[in-house]
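First comes the structure, then the notes that go with it.
The values are calculated or read from the model by the stated rules, or taken from the named source; none is laboratory data. Everything quoted here is computed from the prediction, not taken from an experiment. Neighbour counts run over all protein chains shown; Cβ positions are idealised from the backbone, glycine included.
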Amino acid sequence: MRGPRPGGPLARPDRRRHRTAPAPPGSALAPGGIPGNSLRIADDRRTYATTVGSQPIDLPVVQIADGVGIALMICVDHGVAFTERAGRELAGHLAPARPEIVVSVATLGIPLAIEVSRALSLDDYVILHKTPKTHLGDTWVEPLRSITTAAAQTLRLDPARVAAVRGRRVALVDDVISTGASVAAALSLLRRVGADPVVVGAFLTEGSGWRTSLGADAERVRSLGSIPLFRFGPDGSVTEDWDA
């Protein structure tokens, strides 16, 4: 598995499209852009084998639009030990940036924020919210659109938590960076309140479109692994798309 060196820029995978023919049940399709990654089909169920840091993992491949699919990473589905170990390994990549507080996005980012904070010996973290709540108000908001959610959303920071990030070095963490839209919105909101985002961490990055979305901030990203998007052909073939 190709990964970044601690404190260094995220390594780029071998970005190419890998086309596979329809496979019989139980077969393993040839690996795509990263050695050790593979798409498997068994009983009409597609899974993608990859690694998150030192941990092997099988992710279900789900279709999110016509002809387009993703390997769905839901960190809360993989247990406490998985998230603790991945959070500790990710923290090792974030530590050289000397963050003073960790920020993540609800709800899937909460266990990640806890484990990364613990591994960095930090006793506080801040969560950005996507669901309106009375105490959040509309003072600090940022629009966003996620690849897994059809409707437009709004990112909110609790006004009572602004002081926790203002003027401080922030590590922004998320489970998966796909289009980069959520990370870009979070970075924009944090900078508007006077925070200093110094590093961005993720269990996995998906494809490479996020680099364009984040621009210069793409160099701040540290990840424990990379996965492609998927293109489904009318003949049942599957394409690993590392360029999307």
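Counting only residues that are outside any strand (DSSP E or B) and closer than 14 Å to L224 by Cα, how many does the range 47-66 have?
Taking the range 47-66 as the starting set, the residues that turn out to be outside any strand (DSSP E or B) are 53-54, 66.
Still in the list and also closer than 14 Å to L224 by Cα: 53-54.
Adding up the residues that qualify gives 2.
Return the only residue of P228, P143 being touching a residue at least 12 places away in the same chain (Cβ under 8 Å) and either crowded, with 22+ Cβ neighbours inside 10 Å or of a type in the set (S, T, N, Q) (or both). Step through it out loud before you land on a result.
Numbers: P143 fails: either crowded, with 22+ Cβ neighbours inside 10 Å or of a type in the set (S, T, N, Q) (or both).
Result: P228 is the single residue among P228, P143 that is touching a residue at least 12 places away in the same chain (Cβ under 8 Å) and either crowded, with 22+ Cβ neighbours inside 10 Å or of a type in the set (S, T, N, Q) (or both).
I'm checking my understanding of the structure. Among residues of the range 88-136 that are among the acidic types (D, E) and in a helix (DSSP H, G or I), which one is surrounded by the fewest Cβ atoms within 10 Å (Cβ to Cβ)? Reasoning before the result, please.
Within the range 88-136, the subset among the acidic types (D, E) is 89, 100, 115, 123-124.
Still in the list and also in a helix (DSSP H, G or I): 89, 115.
Values: E89: 20, E115: 24.
Here the answer is E89.
Residue check: is T205 within 17 Å of the chain's Cα centre (by Cα) and either surrounded by 15 or more Cβ atoms within 10 Å (Cβ to Cβ) or touching a residue at least 40 places away in the same chain (Cβ under 8 Å) (or both)? Can you show your working first?
On the way: within 17 Å of the chain's Cα centre (by Cα): yes; either surrounded by 15 or more Cβ atoms within 10 Å (Cβ to Cβ) or touching a residue at least 40 places away in the same chain (Cβ under 8 Å) (or both): yes.
Yes; evaluated as a whole, the condition is true for this residue.
Would you call G180 crowded, with 23+ Cβ neighbours inside 10 Å and out of contact with any strand residue (DSSP E or B) (no Cβ under 7 Å at 6 or more places or on another chain)? Break it down into steps so the answer makes sense when it comes.
Working: crowded, with 23+ Cβ neighbours inside 10 Å: yes; out of contact with any strand residue (DSSP E or B) (no Cβ under 7 Å at 6 or more places or on another chain): yes.
Answer is yes for this residue.
Just one of (1) within 25 Å of Q153 (Cβ to Cβ); (2) more than 16 Å from the chain's Cα centre (by Cα); (3) without any contact (Cβ under 8 Å) to a residue 24 or more places away in the chain; (4) in the same structural domain as A181 (by TED's automatic domain parsing) trips up A81, so point out which.
It is condition (1) that A81 fails.
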